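Visitor: Please see the structure below; I have some questions.
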Amino acid sequence: MKYSSLAILVTLSSCTYHNLEIKAHTTVPQTPNDTSWVSVFDPRTLTVRHAFDSGHIVGQIENQLLDEVSGIASSYTSPKSLWMEEDSGNPNVISLLSTDGKLLGDVSIEHIANRDWEDMSISNGPADGAHYIYLADIGDNDKTYETKYVYRFAEPTFSLNSTPFHSSLGSFDIISFSFPDGIKNSEAIMIDPLTKDFYVISKESDNAVIYAARYPQPIHTNFILEKVGTLPISKVTAADISPDGTEILIKNYIQVFYWKRNPSQSISSTLHETPFTIPYQIEPKGESICFANDGSGFYTTSEKIDTPAPAIYFYKRN
């Protein structure tokens with residue numbers, strides 16, 4: 001994808017970034033966690049909690065090139081807009097859209113390929129007061145790649161106008177890691193804003209496994225995630241934690257699971273409890289979910305299948 005030079009001011013946080021090699025350095029030896037829990041519940045018989053309404057379409061993704069969106073995140077620097085990324089084989093680009101689906105611009109992430117970007121999130125990071133994009137290259141349908149990556153950078157700020165912007169980003173943190181129990185395919189990442197830990201959830205045909213990367217995550221070496229628990233949920237495609245850290249959403253293709261968290265409670269102990277389900281409009285291939293950054297609800301969208309343009313749904317808080 002070619003980008004023309006534009007008179008657009010891009011302001012990044014004043015925190016220090018690290019240009020790192022993509023290939024991981026020596027793996028830090030760690031003992032796999034053998035104390036992880038296994039949660040037991042039947043996803044078909046869970047209590048429905050009406051914390052949000054049943055969802056309505058607020059827009060459609062107008063850009064026909066964005067047909068494989070696999071991750072979304074609510075922007076803090078551009079009101080009423082969503083960052084979106086696509087999965088394997090697509091350009092190494094994240095796009096900013098208004099919540100009604102209009103393209104506002106895009107950013108090319110330099111020096112890396114889109115091996116299989118499967119999710120993204122915006123949350124706290126190294127510098128206090130800044131919001132960071134976490135871009136997760138964690139997909140692996142053929143279970144080929146031992147090392148997975150999360151690219152972390154402060155959310156850019158753009159001067160928006162009627163013409164979509166095109167920009168690039170060449171400096172960011174590269175967080176590389178492996179799983180303690182073999183190669184995994186994953187499509188979901190979520191960041192705890194209270195601790196800055198992030199969690200990766202495997203996409204299994206039966207039971208999803210949850211792994212933790214404790215803050216501060218190493219950025220100069222590959223490390224091994226901590227296995228924290230297993231959920232009886234199949235085909236997890238996305239997850240998010242609310243901006244205040246008190247709610248957790250995990251979705252697959254047909255359900256959204258909801259946990260309410262006490263701020264003094266860990267993510268692990270919260271997920272060990274039986275969740276609720278919440279109303280969800282099943283999408284053709286829904287692989288994206290995110291809370292609105294003001295806590296007013298959450299958004300979902302889908303890859304393009306047979307419809308002219310994928311819908312953007314908003315579920316307003318009741």
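Visitor: So if each residue of separation counts as 0.36 nm, and I subtract the Cα-Cα distance between residue 65 and residue 309, what length gain in nm does that give?
Guide: Answer, rounded to one decimal: 86.8 nm.
Visitor: From the backbone phi of region 132-143, what are the Karplus-calculated ³J(HN,Hα) couplings (6.51 cos²θ - 1.76 cosθ + 1.60, θ = phi - 60°) in whole Hz, Gly and Pro given as x?
Guide: My calculation for region 132-143 gives 10, 8, 10, 10, 9, 8, 10, x, 5, 4, 8, 6 Hz in order.
Visitor: Show the residues, 5+ positions off or on another chain, whose built amide H is closer than 5 Å to the amide H of residue 68.
Guide: 304
Visitor: Which far-off residues, 5 or more places away or on another chain, put their amide H under 5 Å from the one on residue 289, with H placed in the peptide plane?
Guide: It is 72, 239, by chain and number.
Visitor: Specify, per residue and in Å³, the volume enclosed by the convex hull of the alpha carbon atoms belonging to region 35-316.
Guide: 124
Visitor: Relative contact order of region 140-288, please, whole-number percent, based on alpha carbon pairs below 8 angstrom and at least 6 residues apart. Let's see the in-between values first.
Guide: Values: 291 pairs, mean separation 26.1, N = 149.
For region 140-288, the relative contact order is 18 percent.
Visitor: Hey, another quick one. If you consider only alpha-carbon coordinates, what radius of gyration and Dmax does region 167-237 have, in Å?
Guide: 13.3, 42
Visitor: If packing is taken as the mean number of other Cβ atoms within 10 Å per residue, what is the order of 127-136, 149-158, 67-76, highest first? Before the final figure, lay out each step's value.
Guide: On the way: 127-136: 18.7, 149-158: 21.0, 67-76: 23.3.
The packing order, highest mean first, is 67-76, 149-158, 127-136.
Visitor: Okay, next question. Per-residue ellipticity at 222 nm for the chain, helices alone: DSSP H runs ≥ 4 residues times -39500 (n - 2.57), over residue total, nearest 500 deg cm²/dmol?
Guide: -500 deg cm²/dmol
Visitor: Shifting gears a bit: Starting at 0 and stepping by 10 Å, how many percent of the alpha carbon pairs of region 73-175 end up in each bin?
Guide: Taking every Cα pair in region 73-175, the percentages come to 15, 48, 30, 6, 0.
Visitor: Determine, from the Cβ-Cβ distance of residue 142 and residue 42 and an R0 of 22 Å, the FRET efficiency 1/(1 + (r/R0)^6), rounded to the nearest 0.05. Intermediate results must be reported in sequence, preceding the final value.
Guide: Details: r = 31 Å, r/R0 = 1.41.
Taking R0 as 22 Å, the efficiency between residue 142 and residue 42 is 0.10.
Visitor: Quick one: Karplus J couplings for region 182-198, per residue in order, coefficients 6.51, -1.76, 1.60, θ = phi - 60°, nearest Hz, x for Gly and Pro?
Guide: After applying 6.51 cos²θ - 1.76 cosθ + 1.60, I find x, 5, 10, 9, 9, 9, 9, 9, 8, 10, 7, x, 7, 10, 6, 5, 10 Hz.
Visitor: Ok, one more. For a protection proxy built on the mean count of beta-carbon atoms within 10 angstrom, sort 112-124, 160-172, 193-205 highest first, please. Please report the intermediate quantities before stating the final value.
Guide: Working: 112-124: 23.0, 160-172: 14.8, 193-205: 19.9.
Top to bottom by mean Cβ count within 10 Å: 112-124, 193-205, 160-172.
Visitor: Taking only C-alpha pairs under 8 Å that are 6+ residues apart, what is the relative contact order of region 35-316 in percent? Present the calculation step by step, with values, prior to reporting the outcome.
Guide: Working: 760 pairs, mean separation 61.1, N = 282.
The normalised contact order for region 35-316 reaches 22 percent.
Visitor: For region 274-290, in order, what is each residue's ³J(HN,Hα) by Karplus, 6.51 cos²θ - 1.76 cosθ + 1.60 with θ = phi - 60°, in whole Hz (x at glycine and Pro)?
Guide: 6, x, 9, 9, 10, x, 8, 7, 5, 9, x, 8, x, 10, 9, 7, 7
Bear in mind these aren't lab numbers, they're just calculated from the coordinates by the rules spelled out. Note that this is a predicted model, so its numbers are computed, not measured. Don't worry about glycine lacking a Cβ; one is built from the backbone with ideal geometry, like all the others, and counts go over all protein chains shown.
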